[in-house]
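Before any comments, here is the structure.
Taken together, the values in this text are just the output of simple stated rules run on the coordinates, not laboratory data. Fair warning: this is a prediction, and the values are worked out from it, not measured in the lab. In this analysis, Cβ positions are derived from the backbone assuming ideal geometry, glycine residues included, and neighbour counts consider all displayed protein chains.
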Number of protein chains: 2
Amino acid sequence: MGGRMRNEAGIAAAIGRLVERFGERLSTSASLREQHGHTLTWIANQPPDAVVFARSEAEVQEIVRICAAEGCPVVPFGAGTSLEGHLNAPYGGVSIDVSAMDAIVAVHPEDLDVVVQPGIRRKALNEQLRDTGLFFPIDPGADATLGGMAATRASGTNAVRYGTMKDTVLSIRAVTASGEIVTTSRRAKKSSTGYDLTRLFVGSEGTLGVITELTIRLSGIPEAIAGGICPFPSVQAAADAVILTIQTGIPVARIELLDEVQVKACNLYSKLDLPETPLLLLEFHGTDAWVAEQSTRFGEIAADLGGGPFTWTTKAEERTKLWTARHDAYWAGLALRPGCQTFSTDVCVPISRLAECIAETKADIEADGLVAPIVGHVGDGNFHVLPLFHPDDTSEIDKVKRFVGRLVERALAMEGTASGEHGVGQGKMKYLEAEHGRAALDAMAAIKQALDPKGIMNPGKIVAS
Amino acid sequence: MGGRMRNEAGIAAAIGRLVERFGERLSTSASLREQHGHTLTWIANQPPDAVVFARSEAEVQEIVRICAAEGCPVVPFGAGTSLEGHLNAPYGGVSIDVSAMDAIVAVHPEDLDVVVQPGIRRKALNEQLRDTGLFFPIDPGADATLGGMAATRASGTNAVRYGTMKDTVLSIRAVTASGEIVTTSRRAKKSSTGYDLTRLFVGSEGTLGVITELTIRLSGIPEAIAGGICPFPSVQAAADAVILTIQTGIPVARIELLDEVQVKACNLYSKLDLPETPLLLLEFHGTDAWVAEQSTRFGEIAADLGGGPFTWTTKAEERTKLWTARHDAYWAGLALRPGCQTFSTDVCVPISRLAECIAETKADIEADGLVAPIVGHVGDGNFHVLPLFHPDDTSEIDKVKRFVGRLVERALAMEGTASGEHGVGQGKMKYLEAEHGRAALDAMAAIKQALDPKGIMNPGKIVAS
């Protein structure tokens with residue numbers, strides 16, 4: 001991390017001023033600080049020096065201005081569900097907890113958008129939107145905050161149809177390193193006026209500013225939803241079905257792959273009796289007639305490739321049951337070897353390379369003697385391999401780390417990316433140069449330097465030391 | 001423009017070196033220079049000092065490196081169809097004409113993408129793609145180059161369904177001001193690794209680099225297309241139909257408004273007998289059954305609002321005839337007052353404000369005694385008012401300029417944008433601060449300064465002097 005040192009004096013001065021201003025809403029308790037660092041995966045916890053709970057944009061601005069004046073790092077915190085060490089404070093500093101800023105500011109049903117504070121979580125947002133007939137479609141595994149999802153450019157199972165946070169965020173308000181409030185865009189659906197600051201902030205992981213408000217595009221709750229499960233003789237056949245489905249323009253809303261290892265795990269964990277062969281789980285959104293047509297067409301594609309039968313239903317309870325396997329996949333995978341943990345991988349490749357990438361990965365798993373179920377958002381070419389390891393077995397951890405390195409290299413060699421949806425944080429910084437090349441990385445670093453010359457915004461993440 | 005001066009010595013030195021390297025592929029002829037400046041609208045022509053015709057990315061890189069070393073501005077040139085003075089050279093310099101770089105580099109039908117050189121035009125691209133069953137959906141009025149369309153964040157009539165260049169460009173290769181080649185993204189459909197350089201280059205209007213290659217997302221050619229025209233008693237009723245159509249999730253592919261003035265113009269110009277009342281022109285893409293269902297549903301919405309009858313057809317010839325009015329709208333508008341010219345406006349507002357914005361604009365047109373047909377991509381809240389003026393009548397020109405200023409102010413007051421699809425260029429720089437605020441503009445200027453510290457990339461556009 002470039003030999004950067006902690007600015008002890010600046011951090012102490014900032015915390016002193018923040019205590020004076022915020023009183024008990026600033027905490028330096030060890031447990032709270034630890035909880036506001038990274039806690040979810042193998043990446044070691046690096047707690048901030050203090051946590052301050054903000055209640056408004058004006059307060060966030062005050063906090064950032066104090067920290068900027070003292071040269072004290074700030075790390076935005078929402079739900080704490082990020083996976084790559086985004087919340088760690090390698091140079092110390094202050095965690096700005098915006099979880100109490102969780103209000104809906106305005107709903108515009110005619111424009112299909114909603115203005116929210118950054119601390120609102122996706123499930124609460126959808127509960128509060130229910131009466132409008134609209135919903136927010138992006139669904140990462142965790143019940144993350146909207147601010148965090150924008151910051152990490154999150155996606156999930158619906159992205160194949162509804163896009164990612166890149167497509168769903170219309171505008172962002174953020175406090176920048178200079179303590180100014182930037183509004184990245186108007187609320188109009190499109191614009192050609194100037195640099196796309198919205199997309200620059202989406203995926204910037206807190207390194208360019210603290211998000212204080214978001215305008216989010218919504219979708220109409222579909223009249224009808226059809227869902228089903230389809231078995232395939234091989235991952236290749238399943239991947240070919242995905243390609244054909246998308247190529248023929250069937251607007252599939254979800255198309256998820258479970259490999260046979262994952263299916264076995266789900267059968268054990270969730271007491272199911274699914275065929276232990278690669279499965280696609282699908283969902284179609286539309287009118288009754290249209291989801292029936294989509295389902296029938298997909299069934300024909302599957303049959304042509306030796307898959308099926310494709311059993312589908314529009315009944316909500318039955319769909320929920322069908323999706324149990326997918327929802328429990330992570331915990332089912334872990335239960336294959338009790339006491340084990342996993343690395344959360346999320347490479348993404350062009351879908352033409354998906355079958356090849358998964359096949360080579362499975363061969364690698366086998367050669368290494370690993371247990372590693374695979375589950376993926378295959379409509380986007382994105383899949384998760386969950387290699388299990390025992391946390392006390394350092395040689396197994398090393399083996400799994402090397403496996404993950406090869407997985408990323410394999411994806412990059414196929415024109416893919418190291419991360420389809422989890423982000424860079426600390427965990428994937430080492431892959432960035434191989435993925436983007438030196439010139440692109442230099443451009444990113446120049447942008448970071450231009451917008452945060454003192455390096456106080458979530459330092460040690462993406463390109464920033 | 002901040003008092004910046006022409007760098008006479010640097011420009012002369014660069015041209016000298018470029019002549020030596022490129023011989024007859026560099027021209028300083030007055031007519032060619034003029035043709036490579038802005039020619040299409042009221043903005044005065046400011047020709048470059050020389051035009052150089054590049055045949056490859058390596059040549060673009062050589063040209064930029066020579067110009068960078070000498071401090072000579074460069075202006076990328078594709079088809080010359082931009083509308084806001086993007087191609088002018090207010091500080092002189094060299095126009096880099098990439099129109100001969102018009103090859104398809106690779107088609108990936110399984111991934112629904114294509115890699116192209118920047119000089120390929122949209123119609124040629126679609127002709128060459130036809131056998132693949134795929135098409136490129138973005139259709140601005142002009143037969144623009146893909147590089148130019150990306151640079152101006154273009155859209156058009158299909159954007160309501162297929163998005164704009166922001167959504168369609170997967171990756172860009174560009175020569176930056178330092179003469180490096182940046183690749184903005186991998187070919188995977190999504191990624192969370194680092195700042196979104198792709199979206200930063202889309203809409204950057206040549207101010208951050210010269211685009212040398214693009215990877216573009218394609219769509220499957222729909223099995224069936226239904227199109228039709230629907231009259232409405234008022235613009236308000238038409239706008240309400242647009243809102244309801246989108247709110248209920250009908251994935252309309254095109255939904256265009258012609259106001260009664262535009263319809264009258266089209267009837268005169270194209271010898272049609274359309275009802276001289278606000279019209280919506282629509283297109284639905286899908287399967288036979290699905291486009292029929294969409295058309296029927298739209299017809300019901302229209303009828304509920306006092307509009308209709310909605311007559312639609314899936315026959316290609318009949319659809320083409322229905323769309324004649326839309327295709328000829330620009331020329332039909334001009335023909336209302338022979339010898340006149342028009343300002344090309346393109347404000348965009350949240351669709352909930354569309355009817356109000358158009359109504360106030362029409363009242364303004366009437367109060368001013370202007371002739372100004374309206375035609376728009378109303379599914380996105382984007383519309384064009386074409387106020388006619390006689391080029392010799394300076395008081396009329398002033399009146400029209402003031403009208404356009406009020407139009408932009410009105411759109412901004414309704415949370416809209418000064419430009420939905422034409423871009424900033426020179427023509428709209430004056431509106432940027434009102435639209436984005438000082439902090440956002442400062443951020444844009446900081447990014448420009450970071451990536452082009454000498455200011456050689458298309459200076460005098462967007463935020464750059």
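Summary table
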| read-out | value |
| --- | --- |
| Least to most buried among A:Tyr330, B:Tyr195 (fewest other Cβ within 10 Å first) | A:Tyr330, B:Tyr195 |
| Chain A - percent relative contact order, Cα under 8 Å, separation 6 or more | 16 |
| Rounded to the nearest 20 debye, dipole of the range A:8-99 from Cβ charges on Lys, Arg, Asp, Glu | 60 |
| Order of A:Thr145, A:Thr41, A:Thr157 - criterion: other Cβ atoms within 10 Å of each residue's Cβ, fewest first | A:Thr41, A:Thr157, A:Thr145 |
| Derived scalar couplings ³J(HN,Hα) [the range A:177-187; Karplus, 6.51 cos²θ - 1.76 cosθ + 1.60; whole Hz; x for Gly, Pro] | 4, 7, x, 7, 9, 9, 10, 7, 6, 6, 8 |
| Cβ-based charge dipole, chain B, positive-most Cα from B:Leu134, B:Ser82, B:Gly299 | B:Ser82 |
| Distances in nm from B:Pro453 to the matching label points in the other copies, shortest first (labels 7 Å along Cα to Cβ) | 1.2 |
| Within 10 Å of each Cβ in A:106-115, the average number of Cβ atoms from other chains | 4 |
| Value of [θ]222 nm, deg cm²/dmol, for chain A, DSSP H segments ≥ 4, -39500 (n - 2.57) each, nearest 500 | -11000 deg cm²/dmol |
| Dipole magnitude (debye, nearest 20) for chain B, charges at Cβ of Lys, Arg, Asp, Glu | 900 |
| Rounded to 5, percent antiparallel among DSSP beta bridges of the protein assembly as shown | 85 |
| Estimated vicinal HN-Hα couplings, Hz - the range B:101-110 in sequence order (Karplus 6.51, -1.76, 1.60; Gly, Pro = x) | 8, 10, 8, 7, 7, 6, 10, 10, x, 5 |
| Positive-pole candidate from B:Ile181, B:Pro459, B:Gly156, dipole of chain B, charges at beta carbon | B:Ile181 |
| Per-residue average of Cβ from other chains inside 10 Å of B:433-445 | 6 |
| Copies compared at B:Ala359 - label distances in nm, ascending, label defined 7 Å from Cα in the Cβ direction | 6.3 |
| Positive dipole terminus of the range A:104-220, leading residue within A:Ala106, A:Thr168, A:Ile211 (C-beta point charges) | A:Thr168 |
| Averaged over A:344-351, number of beta-carbon atoms from partner chains that fall within 10 Å | 4 |
| Sequence-distant residues sharing a close amide H with A:Ile462 (under 5 Å, placed H) | A:Gly425 |
| Helix axis angle, B:260-270 relative to chain B longest principal axis, alpha carbon, degrees | 80 |
| For the range B:420-465 versus the range B:15-60, the gap between their alpha-carbon centres in whole angstrom | 23 |
| Relative contact order [Cα under 8 Å, 6+ residues apart], the range B:136-189, whole percent | 27 |
| Chain A - Rg over Rh from alpha carbon coordinates, Kirkwood radius | 0.98 |
| Neighbourhood charge, 9 Å Cβ-Cβ cut-off, centred on B:Leu208 and excluding it, Lys, Arg +1 and Asp, Glu -1 | -1 |
| Helix axis angle, B:57-70 relative to chain B longest principal axis, alpha carbon, degrees | 60 |
| Measure of compaction for the range A:366-416 (Cα Rg per 2.2 N^0.38 Å) | 1.24 |
| Nearest-20 debye value, the protein assembly as shown charge dipole, Cβ charges on Lys, Arg, Asp, Glu | 1500 |
| 3J(HN,Hα) from dihedral phi, the range B:82-99, Karplus parametrisation 6.51/-1.76/1.60, rounded to Hz, x for glycine, proline | 6, 10, 10, x, 4, 8, 5, 10, x, 10, x, x, 10, 8, 9, 8, 9, 5 |
| Unpaired by the 4.7 Å Cβ criterion, cysteines found in chain A | A:Cys230, A:Cys266, A:Cys340, A:Cys348, A:Cys357 |
| The range B:389-405 and the range A:197-234: distance between their alpha carbon centers, rounded to Å | 45 |
| Under 5 Å, built H, 5+ apart or other chain: amide partners of A:Arg254 | A:Glu283 |
| Amide H contacts under 5 Å for A:Glu84, placed H, 5+ residues apart | none |
| Position A:Met5, label points 7 Å along Cα→Cβ, spacing to each other copy in nm (shortest first, one decimal) | 4.6 |
| Where the Cα pairs of the range A:209-315 fall when distances are cut into 5 Å bins, in % | 2, 12, 21, 20, 15, 11, 8, 5, 4, 2, 0 |
| Largest to smallest principal axis extent of the C-alpha atoms in the protein assembly as shown, angstrom | 84, 64, 58 |
| Relative contact order (%) - criterion: Cα under 8 Å, at least six apart; region: the range A:104-220 | 33 |
| Proxy reagent accessibility, fewest Cβ within 10 Å first, across A:Thr168, A:Thr314 | A:Thr314, A:Thr168 |
